[in-house]
Amino acid sequence: MLTLEHYSMGVGDRFAHQAKAQLSALIAGRTLGIDVVPVWNKSFREHDIVHSQPASVRAAADAAVKAMGWQQPYHVDA
């Protein structure tokens, strides 16, 4: 089982367009001393609604992390 960092937050990229915006919020929090690790997640129902696949959540998270220069841990549960 994966052991998460002390504080983590589920950030669901419901419509596959919000990953960078969600990460921006966590980066802003870090400037205030709030260290929260994102866990991107998406349910089967959400995949079914927007016709996505679990691998697309990983790809979106990885792309956001790279684009935003995120150097902290992050996780995907899709």
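Where a number appears in this text, it was derived from the coordinates with a stated rule and is not lab data. Computed from a predicted model, the values in this text were never measured in an experiment. Heads up, the Cβs are rebuilt from the backbone with ideal geometry, glycines too, and the neighbour counts pull from every protein chain shown.
Residue-wise HN-Hα couplings along segment 5-11, as the Karplus relation 6.51 cos²θ - 1.76 cosθ + 1.60 with θ = phi - 60° gives them from phi, are 5, 4, 10, 9, 9, x, 10 Hz; Gly and Pro carry x.
Taking the Cα centre of the chain as origin, sum charge times position over the Cβ atoms of Lys and Arg (+1) and Asp and Glu (-1), and report the length of that vector in debye to the nearest 20.
Values: 7 positive and 7 negative charges, 33 e Å.
Dipole size: approximately 160 debye.
Over segment 8-77, what is the mean sequence separation of C-alpha contacts under 8 Å (at least six apart), divided by residue count, expressed as relative contact order in percent?
Values: 80 pairs, mean separation 28.9, N = 70.
In percent, rounded to a whole number, it is 41.
Amide H contacts of GLY12 (H built 1.01 Å from N, in plane; Pro and chain starts excluded): ASN41 sit under 5 Å, all sequence-distant by 5 or more or on other chains.
Of the residues ALA61, PHE44, HIS75, the one whose Cα sits farthest toward the positive end of the charge dipole of segment 8-77, with +1 on the Cβ of Lys and Arg and -1 on the Cβ of Asp and Glu, is ALA61. Evaluating 6.51 cos²θ - 1.76 cosθ + 1.60 at θ = phi - 60° for every residue in segment 57-74, the Karplus couplings come out as 5, 4, 4, 5, 5, 4, 5, 5, 4, 5, 5, 8, x, 5, 10, 9, x, 7 Hz, glycine and proline recorded as x.
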